[in-house]
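Colleague: What follows is a single structure, and I will ask about it in a moment.
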Amino acid sequence: MSALVIKNLKKTYRNKLTALKGINLHINQGDFFALLGPNGAGKSTAIGIICGLVNKTSGTIEVFGHDIDTATNVAKSCIGIVPQEINFSQFETCLSIVLNQGGYYGIHRKVAMQRAEKYLVKLGLWDKRHEYSRDLSGGMKRRLMIARALIHEPKMLILDEPTAGVDVELRRSTWRFLIDINQQGTTIVLTTHYLEEAESLCKNIAIIDKGEIVKDTSMKQLLSNLNKETFIFDLIEPIKTLPELTGFKAKLIDFSTIEIEIKRENNINALFKILSSHGINVCSMRNKSNRLEELFLNLLDNNSKTD
Amino acid sequence: MYKNSLIPFITIVIKEVCRFMRIWVQTILPPAISMALYFVIFGSLIGPRIGTMNGFDYIDYIAPGIIMMSIINNAYGNVVSSFFGAKFQRHIEEMLVAPIPNFVILAGYVTGGVVRGFLVGAVVAIVALFFTDLKLHSLSIMIVVVFMTSIVFSLAGLINAIFAEKFDDISIIPTFVLTPLIYLGGVFYSINLLPAFWQTVSAFNPILYVVNAFRYGMLGESDINITHAFIMLLVFSIVLFGISLQLLNKGVGIKS
């Protein structure tokens, strides 16, 4: 079953800025979907329209088969949203924020209290439940928004950069939590600037740029398109000059570090043989950048050239 | 209906009441103090020199208007500040993403304003008892007038908040429109004292009907026909409700 179907969605703001130029998107139930794009690409506009925070100019959206125009309330019940900006009252406690959200979704107070405890415990906020939301750290505020978005146990959770500004440990625990609820059947749509996050979590991906979807495919398929990767090699003994490495594009970063571009058709064993023949011994190697990041930048670069 | 309307409605009302009770020093106490000053200055000090107004001691004559003045200001102020605050902090989005019909959001905020109107009205009435014996001509008329007035001015506050983009915008209307209308709405005088032309102009002031209807409930005396006053309140309620709902449905001021 389709969790989200977007057809020819367009949005032009009153200041004539066209944020979406007719995007189409199909997300299946149970998916862990990444929507990536640079700042101002239209991600937040698209999410805002899906959730009822932004009026669309034209196009249709169906959430689990419910049209957001004709079955608005049923469609809204299927969605939980974690926005990019903090959007809860700074003068309320964590518990009351979550409970009130339950009330807005028509959930009886007793049930809402049970769920609030469940999610605040899972997200490590139960001890903070009586504290004012303004007193929480940045990471805690983001997790509070996740707990709030789950109070009505939606079929689809949309997270707009949920780990922005969150430290590594909290980010990893948030990932584990999201993987857990996805495995329990919740469809997840994620926008993020951390491409490592998208690569680690998501099964499918769409890349949006200048209001258009420039790629919509599976993560595996997208990564298989990567025809070259850049690796950093740390050397055991330093070298003064870099010898010719036939068939490879290489440069010396410093006396103990070499950067080598390896194409898909290259044999990595051959590279090691060449290095050995020059008396160069490698102690470790790593990707220069995240694989998805290289693809992402290539796609955006190509999109700019076609304009 | 219960799930989609009543629970969200109760949630909004409880949240609104908790909000103004949490800051009672800013919401409940100031009207009690400022209205006490009105009773001291206009009632006890200047009032005896004025004598009677339409056959009543001056302090008794102005008491209904002073109570209504606090109800109007607080019903309006509650909704305008709460709704604009929700817009400003963006937690209005909590309601916009939820499956709540717009009329429920509207009813929730207005009920919050009505509750504060009644509460402040009761506090000011208690303060008035320290200065004079309040008369009760018709308790039911008084309650209905307070209820309808609170609705009208809560709705007006909501419309102000919908259009407001900065904090200045929520103080301009109360300062430059509401306050002059209150002072010229027969709180401190009978419009029979005015020349014919200004009596006609006063007839366009909605607060004149509110104050006189409430005065009728307390004293059994009014410058205008009580039925006429109720019709005006009803018309204002319906028109402002329709405008507010239409604005929410279109997402004016709250959606891009």
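Colleague: Among the residues of the stretch B:188-213, what is the count of those that are of a type in the set (F, W, Y), part of a helix (DSSP H, G or I) and within 19 Å of B:I226 (Cβ to Cβ)?
Modeller: Number of matching residues: 1.
Colleague: When you go through B:N225, B:N205, B:N212 one by one, which is the residue that is without any contact (Cβ under 8 Å) to a residue 12 or more places away in the chain and out of contact with any Cys (no Cβ under 7 Å at 6 or more places or on another chain)?
Modeller: Details: B:N205 fails: without any contact (Cβ under 8 Å) to a residue 12 or more places away in the chain; B:N212 fails: without any contact (Cβ under 8 Å) to a residue 12 or more places away in the chain.
Result: B:N225 is the single residue among B:N225, B:N205, B:N212 that is without any contact (Cβ under 8 Å) to a residue 12 or more places away in the chain and out of contact with any Cys (no Cβ under 7 Å at 6 or more places or on another chain).
Colleague: Among the residues of the stretch B:245-252, are any exposed (fewer than 13 other Cβ atoms within 10 Å of the Cβ), in a helix (DSSP H, G or I) and more than 14 Å from chain A (Cβ to nearest Cβ)?
Modeller: yes
Colleague: To continue, here is another question. So which residues in the stretch A:19-37 are exposed (fewer than 15 other Cβ atoms within 10 Å of the Cβ) and either within 14 Å of chain B (Cβ to nearest Cβ) or within 14 Å of A:I207 (Cα to Cα) (or both), if there are any at all?
Modeller: Residues of the stretch A:19-37 that are exposed (fewer than 15 other Cβ atoms within 10 Å of the Cβ), as a first pass: A:24, A:28-29.
Hit for the stretch A:19-37 is A:N24, nothing else.
Colleague: Only one residue in B:L136, B:L181 is assigned to a loop (DSSP other than H, G, I, E, B) and surrounded by fewer than 19 Cβ atoms within 10 Å (Cβ to Cβ), so which one is that? Write out each step before concluding.
Modeller: Details: B:L181 fails: assigned to a loop (DSSP other than H, G, I, E, B).
The conditions single out B:L136.
Colleague: I've got another one for you. Of all residues being under 17 Å from B:L184 (Cβ atoms) and not acidic (D, E) in the stretch B:223-235, which is farthest from the other protein chains (Cβ to nearest Cβ)? Just the residue, please.
Modeller: So the residue we want is B:I224.
Colleague: Right, something else. Hey, among the residues in the stretch A:54-84 that are more than 10 Å from chain B (Cβ to nearest Cβ) and β-branched (V, I, T), which one's farthest from A:E161 (Cα to Cα)?
Modeller: Top of the filtered list is A:T70.
Colleague: Another question, then. Would you point out which residue out of B:V177, B:V187, B:V152, B:V127 is at pLDDT 95 or above and either under 21 Å from B:A36 (Cβ atoms) or of a type in the set (A, V, I, L, M, F, W, C) (or both)?
Modeller: B:V152
Colleague: Then there's this: Among the residues of the stretch B:47-64 satisfying the criterion of being under 25 Å from the mean Cα position of the chain (by Cα) and among the hydroxyl-bearing types (S, T, Y), which is farthest from B:S190 (Cα to Cα)?
Modeller: Restricting to residues being under 25 Å from the mean Cα position of the chain (by Cα) and among the hydroxyl-bearing types (S, T, Y), the top hit is B:Y58.
Colleague: Also: Pick from the stretch A:90-105 the residues that are free of Cβ contacts under 8 Å to residues at least 24 places away in the same chain and within 7 Å of chain B (Cβ to nearest Cβ): which of them is surrounded by the most Cβ atoms within 10 Å (Cβ to Cβ)?
Modeller: Checked the stretch A:90-105; the qualifying residue surrounded by the most Cβ atoms within 10 Å (Cβ to Cβ) is A:N100.
Rundown of residues vs (1) outside any strand (DSSP E or B); (2) within 21 Å of A:G185 (Cα to Cα); (3) at pLDDT below 95, yes/no style:
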{"residue": "A:R14", "(1), (2), (3)": "yes, no, yes"}
{"residue": "A:L20", "(1), (2), (3)": "no, no, yes"}
{"residue": "A:L25", "(1), (2), (3)": "no, yes, yes"}
{"residue": "A:L35", "(1), (2), (3)": "no, yes, yes"}
{"residue": "A:A41", "(1), (2), (3)": "yes, no, yes"}
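Colleague: Same structure, new question: Could you tell me which of the residues B:V252, B:V201, B:V239, B:V211 is β-branched (V, I, T), modelled with pLDDT under 95 and within 30 Å of A:V54 (Cα to Cα)? Full working, then the answer.
Modeller: Values: B:V201 fails: within 30 Å of A:V54 (Cα to Cα); B:V239 fails: modelled with pLDDT under 95; B:V211 fails: within 30 Å of A:V54 (Cα to Cα).
Being β-branched (V, I, T), modelled with pLDDT under 95 and within 30 Å of A:V54 (Cα to Cα) holds for just one of B:V252, B:V201, B:V239, B:V211, which is B:V252.
Colleague: Another one. How many residues does the stretch B:80-105 hold that are under 15 Å from B:T11 (Cβ atoms) and at the interface with another protein chain (Cβ under 7 Å from one of its Cβ atoms)?
Modeller: Qualifying residue count, the stretch B:80-105: 8.
Colleague: Let me ask you something else. Going by the conditions given, is B:M21 over 15 Å from B:T132 (Cα atoms) and within 14 Å of chain A (Cβ to nearest Cβ)?
Modeller: Against the criterion (over 15 Å from B:T132 (Cα atoms) and within 14 Å of chain A (Cβ to nearest Cβ)), B:M21 qualifies.
Colleague: Of all residues being more than 15 Å from A:N8 (Cβ to Cβ) and touching a Lys or Arg at 6+ places or on another chain (Cβ under 8 Å) in the stretch A:41-53, which is farthest from the other protein chains (Cβ to nearest Cβ)? Just the residue, please.
Modeller: A:A41
Colleague: Return the only residue of B:A75, B:A128, B:A98 being of a type in the set (G, A, S), buried (at least 22 other Cβ atoms within 10 Å of the Cβ) and over 19 Å from the mean Cα position of the chain (by Cα). So that I can check it myself, show each step before the final result.
Modeller: Values: B:A75 fails: over 19 Å from the mean Cα position of the chain (by Cα); B:A128 fails: over 19 Å from the mean Cα position of the chain (by Cα).
The unique qualifying residue is B:A98.
Colleague: Also: Being of a type in the set (A, V, I, L, M) and either over 19 Å from the mean Cα position of the chain (by Cα) or not in a helix (DSSP H, G or I) (or both) is the filter here, so list the residues in the stretch B:158-177 that pass it.
Modeller: The answer is B:A164, and nothing else.
Colleague: Could you say which residue among B:I67, B:I12 is buried (at least 21 other Cβ atoms within 10 Å of the Cβ), closer than 17 Å to B:S150 by Cβ and more than 19 Å from the chain's Cα centre (by Cα)?
Modeller: Of the residues listed, the single one that is buried (at least 21 other Cβ atoms within 10 Å of the Cβ), closer than 17 Å to B:S150 by Cβ and more than 19 Å from the chain's Cα centre (by Cα) is B:I12.
Colleague: Something else about it: Is at least one residue of the stretch A:229-239 under 28 Å from A:K215 (Cα atoms) and in contact (Cβ under 8 Å) with a residue 60 or more places away in the chain? It would help to see each step written out before you state the result.
Modeller: Narrowing the stretch A:229-239 to residues under 28 Å from A:K215 (Cα atoms): A:229-231.
When the remaining residues are screened for being in contact (Cβ under 8 Å) with a residue 60 or more places away in the chain, the result is A:229-230.
Yes, the conditions are met somewhere in the stretch A:229-239.
Colleague: Within the stretch A:120-141, does at least one residue satisfy the condition of being modelled with pLDDT of 95 or more, buried (at least 22 other Cβ atoms within 10 Å of the Cβ) and not in a helix (DSSP H, G or I)?
Modeller: Scanning the stretch A:120-141, I find no residue that is modelled with pLDDT of 95 or more, buried (at least 22 other Cβ atoms within 10 Å of the Cβ) and not in a helix (DSSP H, G or I), so the answer is no.
Colleague: If you take just the helices (runs of 4 or more DSSP H) that sit entirely in the stretch A:43-116, which of them hold at least 2 residues that are touching a Ser or Thr at 6+ places or on another chain (Cβ under 9 Å)?
Modeller: On the way: elements: A:43-51, A:72-77, A:94-104.
Qualifying helices (runs of 4 or more DSSP H): A:43-51, A:94-104.
The values are calculated or read from the model by the stated rules, or taken from the named source; none is laboratory data. All values reported here derive from a predicted model rather than from experimental measurement. Positions of Cβ are backbone-derived with ideal geometry, glycine not excepted, and every protein chain shown enters the neighbour counts.
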